[in-house]
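Everything below concerns the one structure shown next.
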Amino acid sequence: MTHVLTRMIHALTGRERVTLTETQRMLVLVNGRFDALLGPGEHLVPRDNCVREIHSIDRLRFITAFDRALFRSRPDLAEGHLTEVRTGPEEIAVVLRDGRPVQVLFPEEREVFWTDAGPFTVDRFDLASDPGVDAALARRLDRASLGRALTTVTVAEGHVGMLHFDGVLVRRLPPGVHSFWAVGPRITARLVDMRTRAHEVAGQEILTKDRVTIRVNLTAIFRVTDPERAVSAVSDFEETLHRAVQLVFRRRLGALTLDQLLAEKGAIDVEAGDSLRAEMAGIGIELKEIALKDVILPGEIREILNRVVEAEKEAEANVILRREETNAMRALLNTAKVMEDNPVMLRLKELEALEAIAAKVDHLTVHNGTKGLMQEIARLRD
């Protein structure tokens, strides 16, 4: 009976009962104007000329077409239920709920959260001073699926990153992972290899002083010592090194004949290195070594040189042969002189020859008889 009476009273007054749970809120407009922002519990709400919006605070954010109008005309209603976060033109805001990041606001953005869904705190960062993001914060944002707010630069071991803000070189980045806000200045990072490495200049055609066209392969061992100067003094320091090696060898080899080039190859490397080191030091590069690695001759020139080398070797072989023949004749002459003065040695030499001959025959016939042979041997002993 009481419930029936209550419904009759509500019908007469034009109101009805609405029940909200702990996670629900209701925005009520009567005759087009904000009337109430209701929390959990039972409420009497006008039935006619009434607009109702039910929201869930589990979604954290207050999303409605009446958002800005509510804060403008009824700030008293918003104050008890809503938390507004705004950012300035050079500001980033990280909204945290219970200490965990839930949203990142870029410059000149606004977001409204249900206060009862918190507690909410806001960490603010000034883009004008430094758009860099602490590594620990970057990891927290990434774990919270907010990594899209970051720009990440990875610098490998043995390299440095030359960091530019809006095209201006700012500082050097050591190896590791570096994070920056995705808004603000335009961030670029050029990686520079700081290790010692080789730069090859292959297949360079050069005309020597005696008008022989040759192809050479060159190599330069270098290391970047001043990366700031290397990226700012020239547009591409490796291309600059390449051109410098080309030009210095082209000038040096073009002033030599082919024979001089082949004979003075080591000296050419030293001279070229000395002239290039000072030039490369001016752009932050230490030139450790430079070398003329290969000299490739045209086919006809290569055949001519092969014939020259062959003739030289034959001449050297003939000289050695004649020298050995002379030494052999001199030795024979000395032996003959010794035998001339010593008949016994001459006879021993004869017996050695006889022994050598006898070793090559199966049978030996003695025409003078064994007696004669023994007499000869006895006389030799006497």
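The values are calculated or read from the model by the stated rules, or taken from the named source; none is laboratory data. What you see is a predicted model, and the numbers here were worked out from it, not measured in a lab. All Cβ positions, glycine included, derive from the backbone under ideal geometry; neighbour counts span all protein chains shown. Calculation scope for accessible area: heavy atoms of the full protein, side chains included, ligands and nucleic acids excluded. Shrake-Rupley method; radii C 1.70, N 1.55, O 1.52, S 1.80 Å.
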**Prompt:** Ordering VAL212, VAL122 from largest to smallest accessible area (1.4 angstrom probe), what's the sequence?
**Reply:** VAL122, VAL212
**Complete:** Taking R0 as 25 Å and r as the Cβ-Cβ distance between GLU22 and CYS50, the FRET efficiency 1/(1 + (r/R0)^6), rounded to the nearest 0.05, comes to 0.60
**Prompt:** In Å, the Kirkwood hydrodynamic radius of the range 1-158 over pairs of distinct alpha carbons?
**Reply:** 18.6
**Request:** Report the calculated FRET efficiency for THR152 and LYS293 (r = Cβ-Cβ distance, R0 = 35 Å), to the nearest 0.05.
**Result:** 0.30
**Prompt:** With every protein chain left in place, what is the accessible area of LYS209 in Å² (1.4 Å probe, nearest 10)?
**Reply:** 140
**Asked** At each listed q (0.17, 0.20 Å⁻¹), what is the log10 of I(q)/I(0) that the Debye formula gives for the range 98-231 modelled as equal alpha-carbon point scatterers?
**Response** -0.98, -1.18
**Asked** Given a 1.4 Å probe and the protein chains all in place, what does the accessible area of ASP274 round to, in Å² to the nearest 10?
**Response** 100
**Prompt:** Taking all protein chains as present, what is the carbon and sulfur share of the accessible area of the range 170-273, in % to the nearest whole number, probe 1.4 Å?
**Reply:** 49
**Message:** Checking the a/c ratio against 1.5 first, then a/b against b/c, what shape does the Cα gyration tensor give for the range 164-283?
**Reply:** prolate
**Message:** Given points 7 Å out from each Cα along the Cα-Cβ axis, report the ASP116 to VAL270 separation in nanometres with one decimal.
**Reply:** 9.0
**Prompt:** How about the range 99-177: which GluC sites (Glu not before Pro) there lie in a loop by DSSP and see at most 12 other Cβ atoms within 10 Å?
**Reply:** GLU108, GLU157
